[in-house]
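Enquirer: Sharing a structure here in structure tokens format.
The values are calculated or read from the model by the stated rules, or taken from the named source; none is laboratory data. All values reported here derive from a predicted model rather than from experimental measurement. Note that each Cβ is placed from the backbone with ideal geometry, even for glycine, and that neighbours are counted across all protein chains shown.
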Amino acid sequence: MKTEIIRMLKDCDGYLSGQELCRRLSVSRTAVWKVIRQLQEEGYRIEAVPSKGYRLLESADVLTKAELESCMMGRRLGGNVFFYEKTDSTNCRARELAEQGAAEGTLAAAECQEAGKGRRGRNWSSPPGTGIWMSLVLRPELEPSRASMLTLTAALAVTAGIRKVCGLEPQIKWPNDIVLSGKKVCGILTEMSTELEAIRYVILGIGINVNMEAFPEEIAATATSLFLETGTRWKRSELIAAVMQAMEGYYGRFLQAGDLSGLMDEYMAQLANQNRQVQVLAPAGAYSGICRGINAAGELLVEREDGTVEQVMSGEVSVRGIYGYV
């Protein structure tokens with residue numbers, strides 16, 4: 001009922017009477033009043049006027065299961081939301097849910113992560129009230145070799161969400177970072193479970209620095225937040241909803257093609273690496289070259305000094321002018 005009341009208050013331009021809420025929800029006035037009180041305690045500014053009803057004055061940066069459910073607009077993704085005030089990692093929670101049979105599109109989100117995960121086992125700082133820490137369960141009918149392309153698909157969804165909500169023009173640092181002003185604002189971690197030659201599920205973990213005012217000294221030079229870039233505090237639930245809506249569209253197009261052929265042009269238009277010198281830290285040894293985009297498999301194309309083009313599938317890639325690599 002809380003989700004429905006939040007949604008109705010958001011959709012109403014003026015006052016919504018208690019009687020109308022009771023009628024739509026088939027509950028008593030006391031039940032409605034109790035939910036309104038709960039919402040006010042959570043941070044919503046709701047005005048209650050006798051003979052008029054309730055009006056949402058300001059939708060605060062509240063992150064709860066009901067708030068997230070009230071924002072979701074997709075049919076395929078975000079229909080099943082799990083929210084945690086505090087957890088070790090939303091990827092861990094999403095994996096548990098997937099093992100228990102959670103449907104595709106299940107979303108696990110947290111106010112705070114105590115053991116947020118980045119690539120290669122690195123920690124991801126996830127303090128409460130400042131960022132978006134969420135993981136999405138997907139069950140694509142694809143060969144496991146194609147799962148890595150979902151990271152690039154998710155990157156497009158994040159940039160689209162940030163652009164829609166914040167009006168910024170973020171770039172993608174292949175394969176899993178979103179950058180603003182040459183600094184990291186979002187990281188994406190993809191994990192997978194397979195069985196024989198099929199994917200059981202994929203977990204897409206997304207961490208976005210939203211309202212951080214500062215970062216620890218060790219990452220201050222390489223990290224930024226949407227607040228630091230704009231001077232504005234953003235409502236995280238709206239950004240989550242925008243990213244999920246965009247992801248639904250990109251994911252559908254990806255599945256239809258079976259690769260990134262239908263998304264390549266859009267991806268390369270936002271690729272921070274494009275036509276820039278990159279350093280590839282490959283297992284066989286580091287080398288430098290010029291980025292020439294990606295191919296339909298999501299591999300980075302790097303032109304070496306002798307003109308040969310390498311297709312980079314894995315390994316760290318550094319880009320001049322980003323994260324201090326000059």
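Enquirer: Under 6 Å by Cβ, and 6 or more places apart or on different chains, what pairs join a residue from the stretch 229-241 that is touching a residue at least 60 places away in the same chain (Cβ under 8 Å) and closer than 16 Å to residue 67 by Cβ with one that is part of a helix (DSSP H, G or I) and small (Gly, Ala, Ser)?
Expert: Short answer, once both residue conditions are applied: 239/161.
Enquirer: I would also like to ask the following. Could you run through the stretch 278-302 and say how many residues are surrounded by 15 or more Cβ atoms within 10 Å (Cβ to Cβ) and either among the β-branched types (Val, Ile, Thr) or under 17 Å from residue 152 (Cα atoms) (or both)?
Expert: 14
Enquirer: I'm trying to understand the selection: among the residues of the stretch 232-248, which are of a type in the set (D, E, K, R) and surrounded by fewer than 21 Cβ atoms within 10 Å (Cβ to Cβ)? If you could, list the steps in order and put the result at the bottom.
Expert: From the stretch 232-248, those of a type in the set (D, E, K, R) are 233, 235-236, 238, 248; that's our starting set.
Answer for the stretch 232-248, where residues must be of a type in the set (D, E, K, R) and surrounded by fewer than 21 Cβ atoms within 10 Å (Cβ to Cβ): 233, 235, 238, 248.
Enquirer: Collect the residues in the stretch 263-288 that are over 26 Å from the mean Cα position of the chain (by Cα) and in a loop (DSSP other than H, G, I, E, B), keeping them in residue-number order.
Expert: Matches in the stretch 263-288: 275, 276, 283, 284.
Enquirer: If you don't mind, another one. Among the residues of the stretch 249-275, which ones are exposed (fewer than 15 other Cβ atoms within 10 Å of the Cβ), among the hydrophobic types (A, V, I, L, M, F, W, C) and closer than 23 Å to residue 302 by Cβ?
Expert: 269 - this is the single residue of the stretch 249-275 that is exposed (fewer than 15 other Cβ atoms within 10 Å of the Cβ), among the hydrophobic types (A, V, I, L, M, F, W, C) and closer than 23 Å to residue 302 by Cβ.
Enquirer: Right, here's the next one. I'd like to check something: does the stretch 145-166 contain any residue that is among the charged types (D, E, K, R), modelled with pLDDT under 95 and over 29 Å from residue 102 (Cβ atoms)? Spell out how you get there, then give the answer.
Expert: Let us first name the residues in the stretch 145-166 that are among the charged types (D, E, K, R), namely 146, 163-164.
Okay, now just the ones that are also modelled with pLDDT under 95, so 146.
Narrowing the set further to residues that are over 29 Å from residue 102 (Cβ atoms) leaves none.
Checked against the condition, which is being among the charged types (D, E, K, R), modelled with pLDDT under 95 and over 29 Å from residue 102 (Cβ atoms), the stretch 145-166 yields no hits at all.
Enquirer: I'd like the residue in the stretch 2-57 that is at positive phi and not in a strand (DSSP E or B) and, out of all such residues, is surrounded by the fewest Cβ atoms within 10 Å (Cβ to Cβ).
Expert: Taking the stretch 2-57 as the starting set, the residues that turn out to be at positive phi are 26, 43, 51, 53.
Next cut, not in a strand (DSSP E or B) only: 26, 43, 51.
Details: 26: 8, 43: 14, 51: 6.
Out of the qualifying residues, it is 51.
Enquirer: I'm trying to understand the selection: among the residues of the stretch 148-165, which are more than 18 Å from residue 135 (Cβ to Cβ) and surrounded by fewer than 21 Cβ atoms within 10 Å (Cβ to Cβ)?
Expert: Of everything in the stretch 148-165, those that are more than 18 Å from residue 135 (Cβ to Cβ) and surrounded by fewer than 21 Cβ atoms within 10 Å (Cβ to Cβ) turn out to be 160, 163, 164, 165.
Enquirer: Using the structure shown, decide if residue 78 is surrounded by 19 or more Cβ atoms within 10 Å (Cβ to Cβ), in contact with a helix residue (DSSP H, G or I) (Cβ under 8 Å, 6 or more places away or on another chain), in contact (Cβ under 8 Å) with a residue 60 or more places away in the chain and on the phi > 0 side of the Ramachandran plot.
Expert: Working: surrounded by 19 or more Cβ atoms within 10 Å (Cβ to Cβ): yes; in contact with a helix residue (DSSP H, G or I) (Cβ under 8 Å, 6 or more places away or on another chain): yes; in contact (Cβ under 8 Å) with a residue 60 or more places away in the chain: yes; on the phi > 0 side of the Ramachandran plot: yes.
Yes: the conditions hold for residue 78.
Enquirer: Another question, then. Select from the stretch 85-107 the residues that are touching a helix residue (DSSP H, G or I) at 6+ places or on another chain (Cβ under 7 Å) and modelled with pLDDT under 95 and list them in ascending order.
Expert: Residue satisfying the conditions is 87 alone.
Enquirer: For a quick check of your reading of the model, give me the residue pairs whose first member lies in the stretch 97-126 and is under 17 Å from residue 191 (Cβ atoms), whose second is at pLDDT 70 or above and assigned to a helix (DSSP H, G or I), with beta-carbon atoms closer than 6 Å and at least 6 apart or on different chains.
Expert: Between residues of the stretch 97-126 that are under 17 Å from residue 191 (Cβ atoms) and residues that are at pLDDT 70 or above and assigned to a helix (DSSP H, G or I), the close pairs are 106/97; 108/90; 108/93; 108/94; 110/90; 117/91.
Enquirer: Let me ask something else. When you go through 304, 236 one by one, which is the residue that is out of contact with any helix residue (DSSP H, G or I) (no Cβ under 6 Å at 6 or more places or on another chain) and within 25 Å of residue 212 (Cα to Cα)?
Expert: On the way: 304 fails: within 25 Å of residue 212 (Cα to Cα).
Exactly one of 304, 236 is out of contact with any helix residue (DSSP H, G or I) (no Cβ under 6 Å at 6 or more places or on another chain) and within 25 Å of residue 212 (Cα to Cα), namely 236.
Enquirer: Specify the residue that is farthest from residue 176 (Cα to Cα); the eligible residues are those in the stretch 289-326 that are part of a loop (DSSP other than H, G, I, E, B) and of a type in the set (A, V, I, L, M). Outline the logic, then answer.
Expert: So in the stretch 289-326, the residues part of a loop (DSSP other than H, G, I, E, B) come out as 295-299, 304-308, 313-315, 320-321, 323-324, 326.
Next, from what is left, pick out any that are of a type in the set (A, V, I, L, M): 296-297, 313, 326.
Details: 296: 16, 297: 15, 313: 12, 326: 20 Å.
It comes out as 326.
Enquirer: Just for the stretch 172-198: of the residues that are within 22 Å of residue 263 (Cα to Cα) and in contact (Cβ under 8 Å) with a residue 60 or more places away in the chain, which one is surrounded by the fewest Cβ atoms within 10 Å (Cβ to Cβ)?
Expert: Ranking the qualifying residues of the stretch 172-198, first place goes to 191.
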